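Peer 1: One structure follows; several queries about it will come next.
The values are calculated or read from the model by the stated rules, or taken from the named source; none is laboratory data. Keep in mind it's a predicted model, so treat the numbers as computed, not measured. When we count neighbours, we look across all protein chains shown, and the Cβ atoms used for this are built from the backbone with ideal geometry, even at glycine. Surface areas here come from the heavy atoms of the whole protein model, side chains and all, with no ligands, DNA or RNA. Shrake-Rupley method; radii C 1.70, N 1.55, O 1.52, S 1.80 Å.
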Amino acid sequence: MLNNLQKEIIELKDKKNAIILAHNYQPSEIQEIADFIGDSLELCIKASEIENKDFVVFCGVDFMAETAAILNPDKKILIPEIRAECPMANMLSAEEVKIAKEKYPDAAVVLYVNTLAEAKAEADILATSSNALKVVESLKEDTILFGPDNNLASFVAVQTDKEIIAIPKGGHCYVHKMFHEGDVAFKKEKYPNSELLVHPECDKEVQNLGDAVLSTGGMISHVKNSPSKEFIIATEVDLITRINREIPEKQAIPLLDDAICKTMKLHSLEKVKKSLIEELYPVEVDAKIAKKSLNAIKKMIEVSK
Ligand code: 13P
Ligand code: SF4
């Protein structure tokens with residue numbers, strides 16, 4: 001049952017001819033009013049297919065809203081809270097990518113979608129946690145510069161014959177770095193029949209203990225299709241609330257209750273309402289940068305479909 005504020009937002013959204021997109025890490029109350037919830041790749045694909053809408057309200061972090069803006073130059077993209085930034089996306093600047101390209105002129109550049117538009121403009125192709133291996137394998141080059149997430153880079157490196165050079169050294173997600181092997185042992189003792197699903201941004205030691213290493217969207221599909229009933233989930237807590245709301249016959253258990261992406265939680269229903277009324281905050285990308293980065297985004301979507 002939706003509350004009054006949620007109902008008000010849905011009415012407003014229709015009046016403004018807007019669509020609300022939300023990442024899997026959004027709080028439940030926002031997931032419930034979204035037209036579409038997904039992982040980074042699903043959101044990119046959805047953003048590339050929006051027709052006949054004037055506004056896109058993006059409940060996610062900066063790089064996601066920027067990507068939607070690049071894909072929709074004719075629409076107004078709004079982010080309800082301007083401070084919703086992904087710290088990892090700030091770990092790799094366009095300048096650092098240029099320096100790496102000079103050092104390895106024969107390498108292809110694969111950047112995680114968790115980068116800002118200026119860095120994306122320096123990429124040959126983008127990747128997400130659900131398609132990184134496929135993207136790397138689609139390229140003719142044998143050497144790949146891959147950034148900024150070092151754990152995703154090593155997840156790909158062990159599955160390909162290509163040389164993966166991670167840039168920058170130490171690129172990481174602070175949320176997925178919270179998980180340790182001891183946390184797995186602790187939860188496994190309590191839920192011995194459960195499967196462990198791990199996000200590729202987690203450290204290798206935790207990935208190695210997983211029954212599967214998957215993007216957040218991949219985790220949802222896995223839970224739906226697996227005969228198991230219980231799943232320990234090594235990612236952000238609101239992916240777990242989505243699974244438990246949408247697949248009530250299964251049980252998803254967070255590996256850690258405090259694995260919370262703080263900036264994802266800066267959005268709220270009140271801010272979504274304000275965003276629709278006052279058209280806040282518009283996400284704009286410099287036209288030259290947008291044009292350059294659009295190539296890398298489109299290439300990724302082509303490879304992934
Ligand atoms: P997904 O694409 O798997 O949802 O991951 C996004 C992200 O930011 C993970 O921290
Ligand atoms: Fe960025 Fe990590 Fe938050 Fe994902 S969970 S948006 S990578 S800080």
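Peer 1: Sort through Lys120, Lys134 and tell me the only one that's within 16 Å of ligand 1 (Cβ to nearest atom) and touching a Lys or Arg at 6+ places or on another chain (Cβ under 9 Å).
Peer 2: On the way: Lys134 fails: touching a Lys or Arg at 6+ places or on another chain (Cβ under 9 Å).
Result: Lys120 is the single residue among Lys120, Lys134 that is within 16 Å of ligand 1 (Cβ to nearest atom) and touching a Lys or Arg at 6+ places or on another chain (Cβ under 9 Å).
Peer 1: Confirm whether Asp258 is touching a residue at least 40 places away in the same chain (Cβ under 8 Å), open to solvent by 30 Å² or more (accessible area, probe 1.4 Å) and either in contact with a Phe, Trp or Tyr (Cβ under 8 Å, 6 or more places away or on another chain) or within 16 Å of ligand 2 (Cβ to nearest atom) (or both). Step through it out loud before you land on a result.
Peer 2: Numbers: touching a residue at least 40 places away in the same chain (Cβ under 8 Å): yes; open to solvent by 30 Å² or more (accessible area, probe 1.4 Å): yes; either in contact with a Phe, Trp or Tyr (Cβ under 8 Å, 6 or more places away or on another chain) or within 16 Å of ligand 2 (Cβ to nearest atom) (or both): yes.
Taking the combined requirement at face value, the residue satisfies it.
Peer 1: Then there's this: May I ask you to list the residues in segment 193-228 that are within 15 Å of ligand 2 (Cβ to nearest atom) and part of a loop (DSSP other than H, G, I, E, B)?
Peer 2: His199, Pro200, Glu201, Cys202, Asp203, Leu214, Ser215
Peer 1: Between Lys162, Lys134, Lys140, which is under 20 Å from the mean Cα position of the chain (by Cα), at pLDDT 95 or above and basic (Lys, Arg)? Working first, answer last.
Peer 2: Working: Lys162 fails: under 20 Å from the mean Cα position of the chain (by Cα); Lys140 fails: under 20 Å from the mean Cα position of the chain (by Cα).
Step by step, each of Lys162, Lys134, Lys140 is checked, and only Lys134 is under 20 Å from the mean Cα position of the chain (by Cα), at pLDDT 95 or above and basic (Lys, Arg).
Peer 1: Also, I was wondering about something else. Scan segment 179-229 for residues that are within 22 Å of Asn24 (Cα to Cα), of a type in the set (D, E, K, R) and surrounded by fewer than 22 Cβ atoms within 10 Å (Cβ to Cβ) and report the count.
Peer 2: Number of matching residues: 5.
Peer 1: Let me ask something else about it. Could you list all residues from segment 229-255 that are acidic (Asp, Glu), within 19 Å of Ile20 (Cβ to Cβ) and within 16 Å of ligand 2 (Cβ to nearest atom)? Steps first, please.
Peer 2: Restricting attention to segment 229-255, the residues satisfying the condition of being acidic (Asp, Glu) are 230, 236, 238, 246, 249.
Those left that are additionally within 19 Å of Ile20 (Cβ to Cβ): 238, 246.
Matches in segment 229-255: Asp238 only.
Peer 1: Another question, if that's okay. Just checking: which of the helices (runs of 4 or more DSSP H) contained wholly in segment 1-82 hold 3 or more residues that are free of Cβ contacts under 8 Å to residues at least 40 places away in the same chain?
Peer 2: Working: elements: 4-15, 28-31, 40-48, 62-71.
Answer list for segment 1-82: 4-15, 40-48.
Peer 1: Under 19 Å from the mean Cα position of the chain (by Cα) and over 22 Å from Ser221 (Cα atoms): which single residue out of Ile19, Ile9, Ile30 fits that description?
Peer 2: Values: Ile9 fails: under 19 Å from the mean Cα position of the chain (by Cα); Ile30 fails: over 22 Å from Ser221 (Cα atoms).
Residue meeting the stated conditions: Ile19.
Peer 1: Additional query: Working only within segment 248-274, note down all residues that are closer than 18 Å to Ile30 by Cα, in contact with a strand residue (DSSP E or B) (Cβ under 7 Å, 6 or more places away or on another chain) and outside any loop (DSSP other than H, G, I, E, B).
Peer 2: From segment 248-274, those closer than 18 Å to Ile30 by Cα are 260-274; that's our starting set.
Now drop any that are not in contact with a strand residue (DSSP E or B) (Cβ under 7 Å, 6 or more places away or on another chain), which leaves 264, 267, 272.
Result: Met264, Val272.
Peer 1: Let me ask you something else. How many residues does segment 133-188 contain that are under 13 Å from Glu205 (Cα atoms) and assigned to a loop (DSSP other than H, G, I, E, B)?
Peer 2: Number of matching residues: 2.
Peer 1: Which one of these does Asp238 not meet: (1) in a loop (DSSP other than H, G, I, E, B); (2) within 14 Å of ligand 1 (Cβ to nearest atom); (3) not hydrophobic (A, V, I, L, M, F, W, C)?
Peer 2: (1)
Peer 1: While we're here: Could you check segment 56-104 and list, in sequence order, the residues that are away from ligand 1 (no atom under 16 Å from the Cβ), crowded, with 20+ Cβ neighbours inside 10 Å, of a type in the set (A, V, I, L, M, F, W, C) and closer than 22 Å to Lys273 by Cα?
Peer 2: Result: Val56, Val57, Ala69, Ile77, Leu78.
Peer 1: Here's another thing I want to ask about it. Is at least one residue of segment 161-175 on the phi > 0 side of the Ramachandran plot, surrounded by fewer than 24 Cβ atoms within 10 Å (Cβ to Cβ) and either away from ligand 1 (no atom under 16 Å from the Cβ) or charged (D, E, K, R) (or both)? If you could, list the steps in order and put the result at the bottom.
Peer 2: Residues of segment 161-175 that are on the phi > 0 side of the Ramachandran plot, as a first pass: 170.
Add one more test, that the residue is surrounded by fewer than 24 Cβ atoms within 10 Å (Cβ to Cβ), and what stays is 170.
Filter again for either away from ligand 1 (no atom under 16 Å from the Cβ) or charged (D, E, K, R) (or both), leaving 170.
Yes, that holds for at least one residue.
Peer 1: I need every pair where a residue in segment 184-198 that is under 18 Å from His222 (Cβ atoms) has its Cβ under 6 Å from the Cβ of a residue that is of a type in the set (Ser, Thr, Tyr), sequence separation at least 6 or different chains.
Peer 2: Glu195/Ser228
Peer 1: Could you pull out the residue among Ile277, Ile233 that is among the aliphatic types (A, V, I, L, M), open to solvent by 60 Å² or more (accessible area, probe 1.4 Å) and not in a loop (DSSP other than H, G, I, E, B)? Full working, then the answer.
Peer 2: Numbers: Ile233 fails: open to solvent by 60 Å² or more (accessible area, probe 1.4 Å).
None of the other options fit; the residue is Ile277.
Peer 1: Mind telling me which of the residues Met1, Met64 ends up being at pLDDT below 95 and among the aliphatic types (A, V, I, L, M)? Explain how you work it out, then say what you get.
Peer 2: Working: Met64 fails: at pLDDT below 95.
Within the list Met1, Met64, the selection yields Met1.
Peer 1: Another question about this same structure. Considering every residue within segment 89-99, establish whether at least one is more than 15 Å from ligand 2 (Cβ to nearest atom) and part of a loop (DSSP other than H, G, I, E, B).
Peer 2: In the first step, residues of segment 89-99 are kept if they are more than 15 Å from ligand 2 (Cβ to nearest atom); the result is 93-99.
Okay, now just the ones that are also part of a loop (DSSP other than H, G, I, E, B), so 93.
Yes; the residues of segment 89-99 include at least one that is more than 15 Å from ligand 2 (Cβ to nearest atom) and part of a loop (DSSP other than H, G, I, E, B).
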